[in-house]
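J.: One structure coming up, written as structure tokens, with questions to follow.
The values are calculated or read from the model by the stated rules, or taken from the named source; none is laboratory data. Since this is a predicted model, take the numbers as computed values, not measurements. As a convention, Cβ positions derive from the backbone with ideal geometry for all residues, glycine included, and neighbour counts pool all protein chains shown. The area values use the complete protein model at the heavy-atom level, side chains included, leaving out ligands, DNA and RNA. Shrake-Rupley method; radii C 1.70, N 1.55, O 1.52, S 1.80 Å.
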Amino acid sequence: MSSELLQTVKSPAVNSPHRTFPLERTRNIGIAAHIDAGKTTLTERILFYTGMIHKMGEVHEGTTVTDWMEQERERGITITAAAISCFWPEKKEQGLVKLFEGEKFRINIIDTPGHVDFTAEVERSLRVLDGVIVVFCGVAGVQPQSETVWRQANRYKVPRIAFVNKMDRIGADFDKVIEEIRTKLDGYAWPVLLPLGKEDQLRGQIDVICQKAIVYTDNDKLGSTYVITDIPAEYQAVAREAKAKLIAALADRDETMAELFLEEKEPSPLEIKLAIRRLVVKNEFVPVVGGSAFRNKGVQSLINAVVDYLPSPLDIDPPKGHHPYTHAPVEVIVSDASKFCALVFKIWSDPYVGKLVFFRVYSGILRKGDSVYNVRTGKRERISRIVQIQANERKDIEVVYSGDIAALVGIKEVATGDTLTAEGFEVSLEPPVFPEPVISMAVEPKAQSDREKLSHSLQRLMEEDPTFRVHTDLETGQTIISGMGELHLDIITDRLRREFGVSVNAGAPQIAYRETIRKHAVGEGKLIKQSGGRGQYGHVILEMAPLERGNGVEWESKIVGGTIPKEYIPACFKGIQEALGAGILYGSPVTDLKITIIDGSYHEVDSSELAFKMAAIFAVKDALKKADCYLLEPIMKVEVSTPSEFQGDILGDLTRRRGKILNVETKGNTSIINAEVPLAEMFGYVNDIRSMSKGRAAYSMEPSHFEEVPVHIYNALLDQKKK
Ligand code: GDP
């Protein structure tokens, strides 16, 4: 079907004539889920059916393409989101109706991890995606991490399709999972492809819109062949009812469908699909597909659904950009004809080619040999290599267009969240929001001679992963690393040993505290040395204001008329960043505040980047003293599931741990307790809960937010530190 008929495609005229895939036939998608729901298996199957790989790997054999890292294979979890491109021709199939029949698509897939310790990976990939497949287990339904991913997808307004996987497992219940998506996730979810049969009788799918059965051929274990037939008699009533409900649900939200509904006209399959596409793109509808990745059932029609319903880069709102210094909004127009602008969303050290910098192009074109400007550092670099990952191959490419996802090789100073642009295009794209690390520990190299190597390696890891931080404790001189959980830090120390060849001794995990301010304050800093020869001159005045909890740190410059020359502003920002690394109360990083440089002065000869950086550091420290600082601690969202007989003991214990009980739900003889508890009180909980419940209760926890540390606890912390 031609693009003009699709209301959601705004303007096909933005394509360069040289690109192989027009923007409207590009899909940048992610696959997200709770751990073990089947993302890796599904990704593998998609790569197989799109012809990118010729043999299927199985997760339990440790051979899948997206599980790149050794530890991932060992631990069986996907830690890094690998970006992979594949191609899908939407074929004409007798009996089925497709929106883009006969057209070929490029699908870029970002595999996202399911473990809560790696939320940053999920956050940053969602930021650059246009759509996501959320995978649910047909037995377990909506699990805590699927809720987290769903919320994150809401935050970034990412349209989605739900895939209810594992319909071959005993106890799989398609309708129950849909019900949970509606009640627990508030998703307007309706099935478009029902599983045909279930458990060991799963044979394929029922296409609700076309009222056809897709039946897989028994003798093809790889699931590459199926036939499209009439729906078997015993499923016809269910299929008809599902279609009637789908049409009514669409009519409730879509005007065109509502009109047909009122006129009592039966919409055609094409009209239904167009309505779904319109609503999905607006994030008002979630199509649900049932199947089994492992049994090779239903993956092809899921890919068709991706192409038909998920947006192209043109269908979504253009990214929000602002001027890097003044923060005035800057328009970024998704088009090959615009100036180049891209967001770095992932940095990955590849053992063969070195640093791979994954980026998403929002506007313009980048060719090998062009220079890019890094808005944060104010530096430019020439691009010598661009690669695209296709299965486990790195393919060198000459040019990338708007909407593309690819990786750069050989660029030096760059960090996750950086905006890269064409020279002279001063715009900063909104970087993903990353949660603050909650746990930290001291590390030191086993061999003293590795000291420098360690600090270099940690620096590299920090560039890759924005939820991983490193700082030096000013009092003890120890190197402290912080991250999202013990597993996260375990993996970091593992990688230090394997990839960087540095073995470390690690201390016990500690709470990662934060500091913040209560009051607005102004600070002034000067570095002036003018005794003979070339001196030093830097002078900065800045304002500090509290931000709401969870907003992190923002800074901007309101300098007008050049009281601080423009070329020194990045140095001031560097100083601010450095000063906020260690607060004045407890030496913890400072957060949730906004800093505005409002004034300063300079000297024609003596001013330098270093002088302005130092002046900014002094100014921040000066302002912190006046801003009424206080300490914050990480609070965890804890879910305990226990036989009801232990509920009382467990509740009492959580309260003693300064926990806030949010709700208690009873399902049969099981109680589900939801609470918020300071992480500081959760050490040793694994053992305590085991002994309280004779080993029968289970719990999961994930970082929720930060809260002020009560005064008596704060005083005890200070006493401890003095000892
Ligand atoms: P991830 O953690 O979400 O990436 O999940 P994996 O793809 O690693 O799958 C977790 C486990 O579930 C593996 O043992 C898979 O073989 C298995 N699995 C995945 N999909 C299915 C399915 O459709 N049916 C069944 N029975 N098992 C599946």
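J.: Could you name every one of the helices (runs of 4 or more DSSP H) located completely within the stretch 619-723 that has at least 1 residues being open to solvent by 30 Å² or more (accessible area, probe 1.4 Å) and within 21 Å of Gln145 (Cα to Cα)?
T.: In the stretch 619-723, the matching helices (runs of 4 or more DSSP H) lie at 685-692.
J.: Return the total of residues in the stretch 266-318 being polar (S, T, N, Q) and within 16 Å of the ligand (Cβ to nearest atom).
T.: Final tally of qualifying residues: 4.
J.: Separate question: Cβ-Cβ below 8 Å, separation at least six or inter-chain, first residue in the stretch 122-147 and in contact (Cβ under 8 Å) with a residue 12 or more places away in the chain and on the phi > 0 side of the Ramachandran plot, second open to solvent by 10 Å² or more (accessible area, probe 1.4 Å) and not polar (S, T, N, Q): which pairs?
T.: Gly141/Asp173; Gly141/Lys176; Gly141/Glu180
J.: Hey, among the residues in the stretch 155-171 that are assigned to a loop (DSSP other than H, G, I, E, B) and of a type in the set (Lys, Arg), which one's surrounded by the fewest Cβ atoms within 10 Å (Cβ to Cβ)?
T.: Going through the qualifying residues, I end up with Lys157.
Okay, residues lined up against (1) modelled with pLDDT of 85 or more; (2) part of a loop (DSSP other than H, G, I, E, B); (3) surrounded by fewer than 23 Cβ atoms within 10 Å (Cβ to Cβ):
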residue	(1), (2), (3)
His18	no, yes, yes
Phe21	no, yes, yes
Thr40	no, no, no
Thr43	yes, no, no
Gly51	no, yes, yes
Lys55	no, yes, yes
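J.: Residue check: is Asp186 open to solvent by 20 Å² or more (accessible area, probe 1.4 Å) and under 23 Å from the mean Cα position of the chain (by Cα)?
T.: Yes, satisfied.
J.: Another question, if that's okay. Determine which single condition Asp207 fails, assuming it passes every other condition in (1) surrounded by fewer than 24 Cβ atoms within 10 Å (Cβ to Cβ); (2) modelled with pLDDT of 90 or more; (3) away from the ligand (no atom under 16 Å from the Cβ); (4) not small (Gly, Ala, Ser).
T.: So Asp207 meets the others, but not (1).
J.: Here is a check on your reading of the model: is Ala249 within 25 Å of Gly197 (Cα to Cα) and open to solvent by 10 Å² or more (accessible area, probe 1.4 Å)?
T.: Answer is no for this residue.
J.: Hey, could you check the stretch 130-145 for residues that are out of contact with any helix residue (DSSP H, G or I) (no Cβ under 7 Å at 6 or more places or on another chain) and either farther than 25 Å from Asp317 by Cβ or open to solvent by 10 Å² or more (accessible area, probe 1.4 Å) (or both) and say which is farthest from the ligand (Cβ to nearest atom)?
T.: Pro144
J.: Search the stretch 384-416 for residues being touching a Leu at 6+ places or on another chain (Cβ under 9 Å) and of a type in the set (Lys, Arg), and hand back the single one that is modelled with the highest pLDDT.
T.: Arg385
For every residue, the table says whether it meets (1) among the basic types (Lys, Arg); (2) open to solvent by less than 20 Å² (accessible area, probe 1.4 Å).
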site	(1), (2)
Val332	no, yes
Val353	no, no
Val357	no, yes
Ile365	no, no
Arg382	yes, no
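J.: Now for a separate question. Does the stretch 269-278 contain any residue that is part of a loop (DSSP other than H, G, I, E, B) and either under 24 Å from Ile107 (Cα atoms) or modelled with pLDDT under 95 (or both)?
T.: Checked against the condition, which is being part of a loop (DSSP other than H, G, I, E, B) and either under 24 Å from Ile107 (Cα atoms) or modelled with pLDDT under 95 (or both), the stretch 269-278 yields no hits at all.
J.: Moving to a separate point now. Please state which one of Asp111, Asp173, Asp168 is within 16 Å of the ligand (Cβ to nearest atom), modelled with pLDDT under 90 and among the acidic types (Asp, Glu).
T.: Matching residue, one of Asp111, Asp173, Asp168: Asp111.
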